[in-house]
Structures are given as structure tokens and as C-alpha cells.
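Participant: My structure is below; once you've seen it, I'll send some questions.
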Amino acid sequence: MEGASDVEFNGLCNVRARLIPQVEEEIIMGLFCAALLVCQILVHKQRDVVPRVKDSLTINAQTVTADLKDVSLSAALNTVFNQAHSRWRLSHSARSLADHDRCSIHLVDVKLERALDAILNASRGTRPRLVCKKEAGVYVIDLPRISIKLTGKSISAALKSLFSTCDLDYVYWSQEGRNFGINLSLTDVPFDQALDRIMAQAGGSFRYVLERRQGVCILRPAVSDRFPWSDAHTRVSVRFSFLDGASAADALFGAFGMSYVVSMALDKPVTYEKSDYSFEGCLEGVLDGIDKNLTFTLEDSGRGGLAILQPRTGINFTGR
């Protein structure tokens, strides 16, 4: 009996020795399967958060497709950035231009950077007036930075150089004369800062208001009583580059707080540039660029005044 017990005990030991590795292997396999299941669940959840890469409107590809016809530049940019799922903003200086400038463009599966270049160039016939840069992951649409050197320039000449550098349209008027010598050297500074530096050298008597109207910068003295458009001492500087006639007239009259009525559509683009000129002389030049058949009558009434624009024949008026 004692020998039989030894045999039975040895048999149980052998069975246990065979079972333990098998159980451990099954436990390991079970843990592996559980881990694999957890990974699959996490992958499915991640797919619900991140857009699937199946078309041109993905974050990774950053390509866009759009058919834009006569839309504002800001609307075109909004379309492109929304499709690319990218954050963006317009600078304060660029907003007026982006809301005013219009473009038409057709894009098919184009990378974001190339789409931006195409839109910014399509809004202007020559070179883009706005540029795109990236700051902390955000695309910023802004005016180009300024590098300019001015030596002994009058205010009007300095402003002409500044606005021409950025290809910007503007109206500026003053009664202070032309005897200010602007000496300034600027390298890679924002447009608004360059403008502030130029006007700061004009002296303490210059208190100016900067307005942006129909894509045009209007720079004028702070006026408390009335706009002296009819004064012989008032000198006007104007730069319009391929600007639609309605916007050009609105900017020129708006700079002097004037109301106006017009009996025809002012939709023809006008290019006109003049420095230190009379208001009537500038108005005549602008209207001549729009339509040589246009005539005008000015009435000095109220704080600003009234201008009546009409062809040499015609009686139907619309007010502005």
C-alpha cells in the first residue's frame, strides 16, 4: 500500500506539472485578447473625433475645392479656411480691403497655401495688397510690412511713398502747407506703425483722423465745425488705382463730409493720382476718368456741402 501511495502521489505531481503551464498560457492569451479589444475600441473612438481621410477637405491634406464668383475677399478667405479646418483672422488694417475687394476664382483640390496665393492675387490686377503669414498656428491676413526711407519729404510726398509701397488707395487733405521735412528710415514695420511715425513728425498741431471707407484710406484733420473744401488753402492728395468710380466718388466726398447726388451709374474703374491739389481740381480729374461727359455742381451748405453729378443731358437723380 505504501508503494501504491507513492505511485499515486507521483502521478498527481506529473499531472499538475503539465496543467500549470497550460493554464498560464491560457491566461496570457486571454490578457492579450483583452488588450487587443481595448485597442480596437480606442481606434474606433478616435475615428469619431478625427475626420476620415477620404476626400479633399481633410486636415492633413489641407486642400480645398471651391467655385467663387464675384465674392468679397473676406468671404473667399472664409470659404477656403473653413474647408481646410484652419484658424485665421484679418488684421484691423486689412479688414476694410478684404470686405471691399472682390474676386472670382475656381479651385479644384488645391493645397491651402496655393489657394491663398491665388485668392490674394485674384483680388487685384497686379500684385496682392494683402499678404498671409502664420503666427502661433493661426493664419493672419495683413498689409505687407513696410521698409521705407524718407529724406526731407513733405507730408503729402511721404504719404504718397507710403501708400504706393502698399498699393493702397487714399485721400489726404490739409491746410497746413508743404513746409514739413519728414526724415525717417523704417525697416520691416507694420503699415499702421509707419503711418503713425510719419504723422508724428508733422508736429503737435496735426491731429488727424484715419478712416477706411470702401477700401480707401482717408486721412484728414480732426474737424470740429465744418469741412473747408472750398477754402483756397485746402490742398488734397489722392491716389486711386483701378478703383470703381462709385467707391472713388464716395471716398473723395466722404473725406470732406459731403453729400452728393448722381444721375448715372459710376461703375467704370478709375486710375488717378495727384498731390497738393485743389479739391475741385481733384474732383474734375476723378470724374473725367470715370466719364468725360460728367459735370458737377458744388453747393457750400451745412457742415460739409452738396455735390450734384450729372451727364451733360439727363435729369434722373439718386442721392448718397
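Participant: Which residue pairs have Cβ atoms closer than 7 Å, lie 6 or more positions apart in sequence or on different chains, and pair a first residue in region 258-280 that is in the same structural domain as Ser301 (by TED's automatic domain parsing) and closer than 12 Å to Gln310 by Cβ with a second residue that is surrounded by fewer than 15 Cβ atoms within 10 Å (Cβ to Cβ) and among the small types (Gly, Ala, Ser)?
Facilitator: Matching pairs, first to second residue: Val261/Gly319; Ser263/Gly314; Met264/Gly314.
Participant: With the requirement that a residue be under 22 Å from Ser156 (Cβ atoms), aliphatic (A, V, I, L, M) and not in a strand (DSSP E or B), what does region 227-271 give you?
Facilitator: Matches in region 227-271: Ala232, Ala248, Ala249, Ala251, Leu252, Ala255, Met258.
Let's see how each residue does on (1) modelled with pLDDT under 85; (2) outside any loop (DSSP other than H, G, I, E, B); (3) at positive phi:
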| position | (1), (2), (3) |
| --- | --- |
| Val110 | no, yes, no |
| Cys132 | no, yes, no |
| Pro144 | no, no, no |
| Ser185 | no, yes, no |
| Asp188 | no, yes, yes |
| Ala194 | no, yes, no |
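Participant: In the list Leu252, Leu287, Leu243, Leu266, which residue meets the criterion of being touching a strand residue (DSSP E or B) at 6+ places or on another chain (Cβ under 8 Å) and over 18 Å from His100 (Cβ atoms)? Step through it out loud before you land on a result.
Facilitator: Details: Leu252 fails: over 18 Å from His100 (Cβ atoms); Leu243 fails: over 18 Å from His100 (Cβ atoms); Leu266 fails: over 18 Å from His100 (Cβ atoms).
Step by step, each of Leu252, Leu287, Leu243, Leu266 is checked, and only Leu287 is touching a strand residue (DSSP E or B) at 6+ places or on another chain (Cβ under 8 Å) and over 18 Å from His100 (Cβ atoms).
Participant: Residue under question is Phe240, and the condition is that it be out of contact with any helix residue (DSSP H, G or I) (no Cβ under 8 Å at 6 or more places or on another chain), crowded, with 17+ Cβ neighbours inside 10 Å and at pLDDT 90 or above; does it hold?
Facilitator: So Phe240 does not fit the description; no.
Participant: Please work out which residue is surrounded by the most Cβ atoms within 10 Å (Cβ to Cβ), limiting yourself to region 146-167 and to residues that are within 20 Å of the chain's Cα centre (by Cα) and modelled with pLDDT under 90.
Facilitator: Cys166
Participant: Anything in region 62-115 that is hydrophobic (A, V, I, L, M, F, W, C), crowded, with 17+ Cβ neighbours inside 10 Å and closer than 22 Å to Val216 by Cα? List them, or say none.
Facilitator: Val71, Leu73, Ala76, Leu77, Leu90, Ala94, Leu97, Ala98, Cys103
Participant: Go through (1) assigned by TED's automatic domain parsing to the domain that holds Ser241; (2) of a type in the set (Val, Ile, Thr); (3) out of contact with any helix residue (DSSP H, G or I) (no Cβ under 9 Å at 6 or more places or on another chain) one by one and return the number of the condition Val108 breaks.
Facilitator: All conditions pass for Val108, except number (1).
The values are calculated or read from the model by the stated rules, or taken from the named source; none is laboratory data. Just so it is clear, the model here is predicted, and its values are computed rather than measured. Cβ coordinates were reconstructed from backbone atoms using ideal geometry, including for glycine residues, and neighbour counts include every protein chain displayed.
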